[in-house]
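Structure record follows, encoded as structure tokens.
The values are calculated or read from the model by the stated rules, or taken from the named source; none is laboratory data. Note that the structure is a prediction, hence the values are computed from the model and not measured. Virtual Cβ from ideal backbone geometry, glycine too; neighbours counted across all protein chains shown.
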Amino acid sequence: MAAAWLEKFKQRPWFIKMALFFSIMGPGIITANVDNDAGGITTYSAAGAHFGYALLWSLIPITVALILIQEMCNRMGIVTGKGLSSLIREKFGVKFTFYLMTLVLLTNLGNIVAEFAGVAAAAELFGVSKFISVPLAAMLVWYMVVKGTYKSVEKIFLVACIFYITYLVTGFMVKPNWAHIGREFVTPQIKFKSGFLIMLIGVVGTTIAPWMQFYQQASVAEKEINIKDYAYSKADTVIGSISVNLIAFFIIIVCGTVLFSSHHGGVIIETAADAAKSLAPLAGNYAAWLFAFGLLNASLFAASILPLSTAYSVCESFGWEIGVNKRFTEAPQFYTLYTCLILFGAGLILLPRIPLIQIMLLSQVINGLVLPFVLVAMLIIINDKKIMGDHTNSRLNNILAIAFTAAISLLSLILAIVSIRG
Amino acid sequence: MSFSFLFFSQLIHKKVIERESGRTLGYISDVIADVTKIYPNITGLIISRHWFDPGQFLPIRCIEIPETKGPVLADNAQTEMGPKASLAKHEILVRETFLDKQIVDISGSRLVRVNDLHLLIEKANIWIVHMDVGFSGLLRRLGWLALYQKIVHWLVDYDLEDKFIQWKFVQPLADSNSAGTLALKISYSKLSNMHPADLADILEDLGTDERETAFKALDISTAAQTIEKLPMKTSLQLLDTLSNDILAKILDELPMDEAVDLLSELSRKKMNSVFRALPKKKVIDLKELLKHSKNTAGSLMNTEFITIKFNILAGQALDKIRTEHEKAESIYYIYVLSEQNSLVGVVSLRQLIIAQPDQPVADIMATKVIKIGVDTHIEKIGQLFLKYNFHMLPVVDSHHKIKGIISVRDALEAFSPDIKDEVEGGA
């Protein structure tokens with residue numbers, strides 16, 4: 001199959017290939033980049049600030065795992081034309097789906113709260129009050145999705161991806177020791193200190209999250225890509241997965257260079273805004289501003305996608321009308337859920353004295369608990385000939401996927417336990 | 001009591017016990033129904049011992065469904081129960097086809113997911129009469145219905161209404177691998193009762209495989225009308241799966257300009273095999289249209305229109321419209337040709353109807369005809385439409401021979417291709 005695609009790929013002139021790729025690209029790159037949301041940036045910043053370059057190596061296996069998992073969703077979306085929650089409902093019945101979707105809803109809600117917190121923090125770094133920035137962001141997000149079409153929204157999202165370059169720029173601005181980074185990147189190391197392990201699990205958990213599978217599959221299914229053009233769609237996924245980790249790489253480098261010191265363990269980072277604030281005196285205002293702008297962009301971007309993705313997958317599994325191109329009366333559940341998620345996520349941030357860190361922790365725990373179920377369900381579905389026809393997993397794919405699923409499940413479980421015990 | 005109702009969720013997964021021995025036979029893992037009757041009639045159960053057990057068949061005549069909770073009782077299981085070879089042409093697996101799956105609600109023209117099935121027990125027969133697609137069905141499956149009703153009743157004195165769809169409005173969907181695909185195809189005729197635009201919306205929301213199966217089950221004329229309403233990408237994907245014969249038949253039904261649009265996107269090989277299956281005359285016309293470069297009048301025009309000679313009478317012209325109207329895209333403007341077949345005038349349907357039947361066409365026609373050359377660029381065409389405010393303009397070659405007509409709609413579509421996809425639901 002792969003060989004046939006490659007043959008076809010070679011026969012076409014390069015400019016047609018490029019045009020085709022640009023028409024197909026989107027779902028993979030967007031999904032992967034939303035992954036670098038407020039939570040992701042916080043985790044990567046903390047990883048750099050607390051442990052320097054020591055965790056850089058972990059990005060290599062994470063990239064491989066991410067490509068593997070997202071490629072499966074991508075394939076399922078193209079072959080079946082259905083979203084993941086729809087397939088899960090049809091394969092595993094209503095009970096499993098209902099409880100799984102409830103958990104997905106909860107963890108996504110936690111993530112949405114985190115995104116609006118990111119917006120608030122980033123805006124405050126620029127001197128804008130959260131009472132202005134958060135309602136504005138909520139309105140912008142709601143309006144864009146409800147009034148836009150899929151095509152126009154996708155274009156906006158693709159532009160948002162480009163702004164991640166700010167992290168690359170900051171990475172070069174702080175003039176790190178590249179030789180040292182190169183060495184750390186290729187030598188895996190594990191320190192058996194609980195802080196290090198939790199951070200490692202945190203990096204894995206924030207990079208591979210359940211909503212990504214639901215979102216990518218749904219948007220691929222929506223795009224109606226022909227299976228004949230699968231090579232392009234696969235490239236979209238691979239490029240996305242690599243780019244998300246490239247950004248993570250640079251965030252870790254920036255914080256590892258500026259904020260980490262081997263003597264006293266570095267600056268303590270609890271939020272991404274902490275990182276930007278700490279950067280200013282050490283690396284200059286420009287670096288801090290670029291970092292803060294990156295955070296604002298990432299949070300806004302993720303805040304637009306997460307509520308949409310959540311409403312989409314929940315409604316799909318229960319058979320309620322979906323779609324931003326339908327009117328409210330045609331898809332009441334969809335719009336209600338979508339609007340409530342935004343209102344709740346943004347509203348919570350405006351309340352005084354909310355236990356933000358605890359909400360994040362809880363969300364991360366549920367995240368960790370849901371992921372293994374999603375991955376196992378995916379593996380069962382993608383190996384079902386009745387559903388996937390000739391496009392089931394190859395043996396190698398299965399072995400790798402099972403190994404990664406086992407490893408990620410174990411790590412997620414450890415994270416959940418550790419988080420609960422505080 | 002002659003009849004009673006039962007929900008499918010109260011039957012499926014129930015334990016089955018042999019009446020004589022009290023031995024557990026297994027649990028009901030699926031139910032087989034005959035779809036040729038007015039309602040699907042349950043003919044037997046599949047009884048499995050565990051999750052991976054494909055199960056054994058037990059005819060419905062052997063079992064008795066208790067009115068209270070408790071296991072299903074079976075008689076003569078020893079002799080009657082046995083492996084089921086394969087489904088007959090008119091049989092379906094009920095759980096696999098309906099439960100948790102999407103169906104088309106014909107009366108509401110939408111896709112819904114089945115939460116439960118409503119069964120009617122009448123003497124020895126069990127009929128499937130309704131699909132439960134409502135919230136109460138969902139709660140019943142989750143086992144929370146009673147609790148929910150109690151709370152709601154206590155709070156607001158309001159009972160949750162059942163949301164049922166009658167069987168006659170239910171169109172099950174199947175993919176090429178599902179059991180009983182044959183039986184489902186028989187009943188696909190229900191889809192043809194829907195408006196092609198609604199049908200297109202539903203097809204678009206379907207999974208790839210279900211869409212293909214449903215589309216292939218449509219009759220040619222419905223299929224062609226539906227293709228017209230689908231976004232280009234989806235149309236091409238569907239047409240790609242058809243045999244050349246069927247593809248040719250559908251293209252033959254389509255208006256010329258739509259057919260050309262689709263043809264020009266096909267591979268050369270596919271296009272040639274479609275040409276072999278089409279009538280000769282049609283192929284010549286299509287090839288002529290395909291020759292014109294994109295964004296010129298020649299590639300947008302429709303070649304199905306009505307012309308009359310300048311020397312006939314208004315009554316004769318109306319007769320000609322009556323016999324030829326079917327193949328023409330629009331009959332509002334009738335183009336008038338000279339002895340040498342060049343375009344000399346245009347007359348509207350309104351003028352023809354108002355005129356006396358014995359009035360010569362030459363007397364009532366407008367002689368200053370606004371026309372478009374076959375090589376005119378789309379931009380210029382748009383300007384002409386704006387300037388003269390017609391909704392249809394003729395296309396002529398360099399010898400003033402009429403080659404086709406272009407409607408405002410065609411021009412608009414060519415001007416801004418995205419419009420079409422957005423209107424037709426390309427979200």
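Computed values, structure above
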| quantity | calculated |
| --- | --- |
| Within the range A:139-224, helices (runs of 4 or more DSSP H) holding 1 or more residues that are more than 26 Å from A:L87 (Cβ to Cβ) and more than 14 Å from chain B (Cβ to nearest Cβ) | A:150-162, A:165-173, A:178-186, A:194-207 |
| Residue ranges of helices (runs of 4 or more DSSP H) in the range B:259-324 with at least 1 members within 16 Å of B:I406 (Cα to Cα) | B:280-291, B:297-300 |
| Test result for A:V113, in a loop (DSSP other than H, G, I, E, B) and away from every other protein chain (no Cβ under 14 Å) | no |
| Any hit, the range B:183-200, residues being part of a helix (DSSP H, G or I), of a type in the set (D, E) and within 13 Å of chain A (Cβ to nearest Cβ) | yes |
| Matching option when the condition is surrounded by 16 or more Cβ atoms within 10 Å (Cβ to Cβ) and within 24 Å of the chain's Cα centre (by Cα), among B:E304, B:E265, B:E258, B:E326 | B:E258 |
| Some residue of the range B:44-54 being aromatic (F, W, Y) and modelled with pLDDT of 85 or more | no |
| B:L343 being in a helix (DSSP H, G or I), crowded, with 18+ Cβ neighbours inside 10 Å, assigned by TED's automatic domain parsing to the domain that holds B:K371 and hydrophobic (A, V, I, L, M, F, W, C) | no |
| Any hit, the range A:52-65, residues being modelled with pLDDT under 85 and in a helix (DSSP H, G or I) | no |
| Sole exception among (1) among the basic types (K, R); (2) within 14 Å of chain A (Cβ to nearest Cβ); (3) in contact (Cβ under 8 Å) with a residue 40 or more places away in the chain for B:R268, by number | (3) |
| First in the range A:49-69 and among the aromatic types (F, W, Y), second anywhere and at pLDDT 85 or above, Cβ under 8 Å, 6 or more apart | A:Y53/A:I252; A:Y53/A:I253 |
| Helices (runs of 4 or more DSSP H) wholly inside the range B:71-160 that include at least 1 residues being farther than 30 Å from B:S192 by Cβ and either within 14 Å of chain A (Cβ to nearest Cβ) or of a type in the set (A, V, I, L, M, F, W, C) (or both) | B:77-80, B:135-142, B:145-156 |
| Criterion violated by A:T339 - all others in (1) within 14 Å of another protein chain (Cβ to nearest Cβ); (2) surrounded by fewer than 17 Cβ atoms within 10 Å (Cβ to Cβ) satisfied | (1) |
| Test: A:S313 is under 18 Å from A:I30 (Cβ atoms), more than 14 Å from every other protein chain (Cβ to nearest Cβ), part of a helix (DSSP H, G or I) and under 21 Å from the mean Cα position of the chain (by Cα) | no |
